């Protein structure tokens, strides 16, 4: 049986409502997109590719010794952007697992990125179509916060991974027990990514404004791996300052 050959693809675009131009924001002497690329390289998963919406991002990555391709800036989502980038950078489809790493996680622990591959390693032929990550919510204020996406998932017998039943901005499930904060990093089987981007937006996806519900509505299986903590994302100037402080240490 051939071994999986994964690739990490990082979608990045300059347009950002709260922090315009954030892929090129300086963190520790490097643009943020380069810091994310370094964390991806440090994960040891394999090839790392940046799927850029603008030439400036491509230039920053190439200047840092990385690999980037320019994609249509009007693509509707990060999933569409990584799919387009793969068509250009891997037309022979050598890479059969695709890790979609957000371009605003400069301080992520590289080991956390590797966790997305656990369900595929345990079930190389069967198992999920795609995987994602979660961490237990420890701040009660997050439970009712619609900006914190929750996932309904069971971890039987203390397992590290379970099957996603639903994602919501509401506090799910009801009753006593932990709540799980969804972390928007995904790993796809290549064929599953092809199928996902070909699907029309789902009814529940449009209602909750959560792209992953499109996969569940279409009957695709998403496995969720639990990790210790939610990585620091950069969406605001305050987030940027925090990321700079973390990386300075």
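Residue 151 meets each of the listed conditions (1) at pLDDT 95 or above; (2) not in a strand (DSSP E or B) apart from (2). Take the range 15-38 and flag every residue that is in contact with a strand residue (DSSP E or B) (Cβ under 9 Å, 6 or more places away or on another chain) and under 16 Å from residue 55 (Cβ atoms). Matches in the range 15-38: 23, 24, 33, 34. Residues in the range 206-221 that are touching a strand residue (DSSP E or B) at 6+ places or on another chain (Cβ under 8 Å) and within 18 Å of residue 170 (Cβ to Cβ) were compared, and the one that is surrounded by the most Cβ atoms within 10 Å (Cβ to Cβ) is 212. Of the candidates 27, 82, 33, 108, the single residue that is touching a residue at least 40 places away in the same chain (Cβ under 8 Å) and more than 21 Å from residue 6 (Cα to Cα) is 27. Of all the residues in the range 186-204, those that are outside any helix (DSSP H, G or I) and touching a strand residue (DSSP E or B) at 6+ places or on another chain (Cβ under 8 Å) number 4.
For every residue, the table says whether it meets (1) within 22 Å of residue 115 (Cβ to Cβ); (2) more than 18 Å from the chain's Cα centre (by Cα).
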position: 143; (1), (2): no, yes
position: 158; (1), (2): yes, yes
position: 192; (1), (2): yes, no
position: 207; (1), (2): no, yes
position: 221; (1), (2): yes, no
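When the residues of the range 62-78 are narrowed to those that are out of contact with any helix residue (DSSP H, G or I) (no Cβ under 6 Å at 6 or more places or on another chain) and outside any loop (DSSP other than H, G, I, E, B), which ends up nearest to residue 121 (Cα to Cα)? Looking at the filtered set, the residue picked out is 78.
The residues of the range 222-232 that are part of a loop (DSSP other than H, G, I, E, B) and touching a strand residue (DSSP E or B) at 6+ places or on another chain (Cβ under 8 Å), listed by number, are 227, 228, 229, 230, 231.
Here residue 181 fulfils each of the conditions (1) at pLDDT below 95; (2) surrounded by 19 or more Cβ atoms within 10 Å (Cβ to Cβ) apart from (1). Taking the criterion of being outside any loop (DSSP other than H, G, I, E, B), over 18 Å from residue 82 (Cα atoms) and over 17 Å from the mean Cα position of the chain (by Cα), the residues of the range 23-56 that qualify are 24, 26, 27, 30, 31.
Is there a residue in the range 207-221 that is in a strand (DSSP E or B) and farther than 22 Å from residue 146 by Cβ?
No: zero hits.
Out of 235, 239, one residue alone is out of contact with any strand residue (DSSP E or B) (no Cβ under 7 Å at 6 or more places or on another chain), surrounded by 15 or more Cβ atoms within 10 Å (Cβ to Cβ) and under 20 Å from residue 148 (Cβ atoms). It is 239. In the set 110, 119, 124, only one residue is exposed (fewer than 15 other Cβ atoms within 10 Å of the Cβ), modelled with pLDDT under 95 and closer than 25 Å to residue 40 by Cα; that residue is 124.
The values are calculated or read from the model by the stated rules, or taken from the named source; none is laboratory data. As the structure is a prediction and not an experimental result, all values here were calculated from the model. Backbone-built Cβ (ideal geometry, glycine too); neighbour counts: all protein chains shown.
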